[in-house]
Structures are given as structure tokens and as C-alpha cells.
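Notes to accompany the following structure.
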Amino acid sequence: MSNRIALYPGSFDPVTRGHLDIIERASLIFDRVVIGVLQNPSKTPLFTTEERVDLLRRSIDGNSHTEVGTFDGLTVDYAQSVGAIAIVRGLRVTSDFENEFQMTLMNRRLNPDVHTVFLMTSFSNVFISSSIIKEVFRLGGTIDDAVPPACAEALRRKFPRDG
Ligand code: PNS
């Protein structure tokens, strides 16, 4: 029986509707999608690894094709350890391309057996990123339509507002 596994790696600090869009699309294509949370991203995360995993798990609840794991080290090594044939990455705006291109070629060089597949979010999610969500929320803006409810609650706990 075929069991095509994809790894969707990222910082997920925190998960957004853009990430969920990619997870949904990937789970239609692959038999199983492992969402890999990078434990020590170069940028200091707002949420701990446990919080990022918990928010993801609560947000994908009900999608039986997916699971959440954590990793440190090379993404291609984690991909191999979970049996993934592909790394999935989301593409939003053209400025994503340069970095993704570089990562893809490096990952291919590190392990030519692991392919990278790019998926595009729906247009309504094109402008959403974890960093912009954190900034807008911190400055008092509304983010509820851009993140899952668990994430909006978590942001409110991190940055309590008056009233
Ligand atoms: O959500 P992000 O921050 O865009 O995800 C970036 C991520 C985690 C995919 C990337 O930083 C990564 O793969 N880090 C693990 C270390 C690694 O494998 N580096 C070589 C890839 S070029």
C-alpha cells in the first residue's frame, strides 16, 4: 500500500491561517503530513516549542492525515527519519522565492532523495506571516481573521490588553 509522507517544516511562531491552508492542501496530496516544528530557530521565538506544538495540534484537530513533531538540526535529516519523500513549503509573495530557492537547492544537495514541493495559499492568506501577525497584534491591531482561535487566545495571553 502506498504511504507517501510529506514533511512540512517551519518555525510556526505562531501557526497562522496561511500555514493551515498549506497543511490542508498537502494532506489532499500526500497520505500523511508531518508538521515539523524547528526547536531552535535562529530568530528567538515568541512561543516556546511546547506552545507552538500545542497551538498546531489544537488547530489541526480532526485532520487525521496530519501529525506534529519537533526537530533540531537539518530538515532533510528529519525528513528522512520520518520517511518523508518530500518537503512541503508554502509560497506567498515573490519575495519568498529567493530564500526558498536557496534552501531547496541546499536541501537537494544534502539529500537528493528528498524533493521539495511548493504550494500556494489562497489569495486571502497571501499577506499573512507569523511575524506580521505578532507585530500587528502587539501594536493593537486585529488579527482574529488571520489566525486560528487558539492562536488568537494565546496572543492575548502573551500581550494582555486593557478592557
Ligand atoms: O517557518 P520558517 O522560519 O520559514 O522555516 C524555516 C525552516 C525551519 C524550514 C529552515 O530554517 C530550516 O530548514 N531549518 C533547519 C536547518 C536546516 O536544515 N538548514 C538548511 C536548509 S537550507
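The values are calculated or read from the model by the stated rules, or taken from the named source; none is laboratory data. Just so it is clear, the model here is predicted, and its values are computed rather than measured. Note: ideal-geometry Cβ built from the backbone for every residue, glycine included; neighbour counts use all protein chains shown.
For segment 1-14, enumerate the residues that are crowded, with 22+ Cβ neighbours inside 10 Å and part of a loop (DSSP other than H, G, I, E, B). Reasoning before the result, please.
Let us first name the residues in segment 1-14 that are crowded, with 22+ Cβ neighbours inside 10 Å, namely 6-9, 12-14.
Matches in segment 1-14: Phe12, Asp13, Pro14.
When the residues of segment 61-88 are narrowed to those that are in contact with a Ser or Thr (Cβ under 6 Å, 6 or more places away or on another chain) and at pLDDT 95 or above, which ends up farthest from Pro14 (Cα to Cα)?
That would be Ile87.
Within segment 12-44, count every residue that is of a type outside the set (A, V, I, L, M) and in contact with a helix residue (DSSP H, G or I) (Cβ under 7 Å, 6 or more places away or on another chain).
Of the residues in segment 12-44, 9 are of a type outside the set (A, V, I, L, M) and in contact with a helix residue (DSSP H, G or I) (Cβ under 7 Å, 6 or more places away or on another chain).
Could you tell me whether Leu119 is closer than 29 Å to Arg4 by Cα, at pLDDT 95 or above and aliphatic (A, V, I, L, M)? Before the answer, list the steps.
Details: closer than 29 Å to Arg4 by Cα: yes; at pLDDT 95 or above: yes; aliphatic (A, V, I, L, M): yes.
Yes, satisfied.
Would you please list the contacts, defined by Cβ atoms under 9 Å and residues six or more apart or on different chains, that run from a residue in segment 29-48 that is touching a residue at least 40 places away in the same chain (Cβ under 8 Å) to a residue that is near the ligand (Cβ under 10 Å from one of its atoms) and in a helix (DSSP H, G or I)?
Pairs found: Val34/Tyr78; Val34/Ala79; Gly36/Thr75; Gly36/Tyr78; Gly36/Ala79; Leu46/Ser130.
Quick check on my filter: what residues within segment 15-42 are of a type outside the set (S, T, N, Q), within 20 Å of Lys158 (Cβ to Cβ) and part of a loop (DSSP other than H, G, I, E, B)?
Listed by number, the residues that qualify are Val15, Pro41.
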